[in-house]
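Asker: Sending over a structure as structure tokens; questions will come in a sec.
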Amino acid sequence: RLASVETLGSTQVICCDKTRTLTQGKMEADKIYTVEEEFEISESEKNRNFLQTLRIAALCNDAFVENPTEKMADWKLGGTPTGKALLMAGAKIGILKTELDESTKLVNTKPFDSVVKYQAALYNEGDKQILYFTGAPERILEKSLKILNDTFIDKLSPDNYQDLNRKLDVLTSQGLRVIGTAYKEFPLDKKVNIEEEFKDLVFSGFLTLKDPLRPDAKSALNKCKSAGIELI
């Protein structure tokens, strides 16, 4: 359109967003970071912290599979890009939400809220209730009092806290989306108020997500720069 050509010809500054503009809008889980170490999401990992982080990501999640009886490659997913990425992260190593739903009973949920920056899901599991949290990593870490090690639950020490905050700074500086995971256990007969219990959590791990760049993004940016357009 001629009007568009005229507008582009007089453009001096372009302010562009990232998701689906510079990236493909296909969020995918990348790695898991615990107090112990960094893990690739692969079938070889059996660390308790690694598995618990993926389990929380699957259970504290609104995403779902429309056709769970089909092969994983043919799955049709519903939900947000983040939710779908977290669901698939567990599915890759056999942590399937459809199977977890058979062994647990969902009691209550709190959807993600951009003000408090977390979401939660309360489940009955055997002889106890477990409240799972995912959300902004700094908020999850701030509310965590204990830490899940490979074989036991320990107190979250100042050194642990500093190390995890340093990891978080490095991950966010790389442009990665980071999700924090944690949980809290209760007796089966306790009446649990989710908002009141967002404290004294057991930290499990950080899960990083990435959104691959569109193949033509770099050349498009270079063309704009060569035309004298400032990019923000």
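The values are calculated or read from the model by the stated rules, or taken from the named source; none is laboratory data. Note that the structure is predicted; figures quoted are calculated from it, not measured. Ideal geometry is used to build each Cβ from the backbone, glycine not excepted, and the neighbour counts take in all protein chains shown. Ligands, DNA and RNA are stripped out before the accessible areas are found, and what is left, the full protein with its side chains, is counted by its heavy atoms. Shrake-Rupley method; radii C 1.70, N 1.55, O 1.52, S 1.80 Å.
Asker: Short version: ³J(HN,Hα) in whole Hz for each residue of region 214-223, in order, from phi by Karplus 6.51 cos²θ - 1.76 cosθ + 1.60 (θ = phi - 60°), x for Gly and Pro, what are they?
Answerer: 5, x, 9, 5, 5, 5, 5, 5, 5, 5
Asker: Also, I was wondering about something else. Aspartates and glutamates near residue 155 by alpha-carbon distance under 13 Å, same-chain residues fewer than 8 away left out - which ones?
Answerer: Once the sequence-local aspartates and glutamates are set aside, what remains near residue 155 is 200.
Asker: Work out which GluC sites (Glu not before Pro) in the chain are exposed loop sites (DSSP not H, G, I, E or B, at most 16 other Cβ within 10 Å) and give the longest gap free of them.
Answerer: Numbers: sites that count: 36, 37, 43, 45, 66, 70.
Looking at the chain, 71-232 is the longest stretch - no exposed GluC sites (Glu not before Pro) with at most 16 other Cβ atoms within 10 Å.
Asker: Now for a different question. So the label point goes 7 Å from the Cα of residue 128 along Cα→C-beta, right? Which residues of region 93-116 then have their backbone N under 16 Å from it?
Answerer: 104-105
Asker: While we're here: Select from 219, 103, 114 the residue whose mean-square fluctuation is largest in a Gaussian network model of the chain (Cα-Cα springs shorter than 10 Å).
Answerer: 219
Asker: Considering only DSSP states other than H, G, I, E and B, which trypsin sites (Lys or Arg not before Pro) in region 184-232 qualify as loop sites with at most 13 other Cβ atoms within 10 Å?
Answerer: Details: sites: 184, 190, 191, 199, 210, 218, 223, 225; in loops: 190, 191, 199.
Hits after loop and neighbour filter: 190, 191, 199.
Asker: Any chance you could list the semi-axes, whole Å, largest first, of the equivalent ellipsoid that the Cα gyration tensor gives for region 50-151, using √(5λ)? List each step's numbers first, then the result.
Answerer: Details: eigenvalues 103, 54, 38 Å².
Equivalent ellipsoid semi-axes, largest first: 23, 16, 14 Å.
Asker: Helix 48-59 sits at what angle to the longest principal axis of the chain, using alpha carbons and giving 0 to 90 degrees rounded to 10?
Answerer: That works out to roughly 70 degrees.
Asker: Starting from the 7 Å offset along Cα-to-Cβ, what nm value, one decimal, do you get for the label separation of residue 173 and residue 108?
Answerer: Placing both labels 7 Å beyond Cα along the Cβ direction yields 4.1 nm.
Asker: Something else about it: Show the residues, 5+ positions off or on another chain, whose built amide H is closer than 5 Å to the amide H of residue 205.
Answerer: Answer set, sorted by chain and number: 181.
Asker: Where the accessible area of region 73-133 is counted over protein heavy atoms with a 1.4 Å probe, how much of it, in %, is carbon and sulfur? Walk me through the numbers on the way to the answer.
Answerer: Values: 1570 of 3050 Å².
Of all accessible area on region 73-133, carbon and sulfur atoms account for 51 percent.
Asker: While we're on this one: Hey, any idea what Rg/Rh is for the chain, computing Rh the Kirkwood way over Cα pairs? Display every interim value, and only then the final one.
Answerer: Working: Rg = 20.7 Å, Rh = 19.5 Å.
Here Rg/Rh amounts to 1.06.
Asker: Same structure, new question: Using a 1.4 Å probe and counting only protein heavy atoms, arrange 115, 170, 202 so the residue with the most accessible area comes first.
Answerer: Working: 115 120, 170 75, 202 15 Å².
In descending accessible area the options line up as 115, 170, 202.
Asker: Now for a separate question. Out of region 7-105, which trypsin sites (Lys or Arg not before Pro) are coil in DSSP terms and have no more than 15 other C-beta atoms within 10 Å? Intermediate values should be presented prior to the final figure.
Answerer: On the way: sites: 18, 20, 26, 31, 46, 48, 55, 71, 76, 84, 92, 97, 105; in loops: 18, 20, 26, 46, 71, 76, 92.
Here the sparse-neighbourhood loop sites are 18, 20, 26, 46, 71, 76, 92.
Asker: Stretch residue 200-residue 142 to full length: gain in nm at 0.36 nm per residue minus the Cα-Cα span?
Answerer: Numbers: separation 58, 0.36 × 58 = 20.88 nm, distance 0.93 nm.
Value of the extension gain: 19.9 nm.
Asker: Hey, what did the chain get for relative contact order, percent, Cα under 8 Å, at least 6 apart? The partial results should precede the final answer.
Answerer: Numbers: 401 pairs, mean separation 63.9, N = 232.
Relative contact order for the chain comes out at 28 percent.
Asker: About its Cα centre, what dipole magnitude does region 80-135 give when the only charges are +1 on Lys and Arg Cβ and -1 on Asp and Glu Cβ, stated in debye to the nearest 20? Before the final figure, lay out the partial values.
Answerer: Details: 7 positive and 6 negative charges, 49 e Å.
Dipole magnitude for region 80-135 comes out near 240 debye.
Asker: So with the 1.4 Å probe, I'd like the accessible area per residue for the chain, rounded to whole Å².
Answerer: Working: 13340 Å² over 232 residues.
Ligands and nucleic acids excluded, the result is 58 Å² per residue.
Asker: How big is the gap, in Å, between the Cα center of region 111-158 and the Cα center of region 72-92?
Answerer: 22
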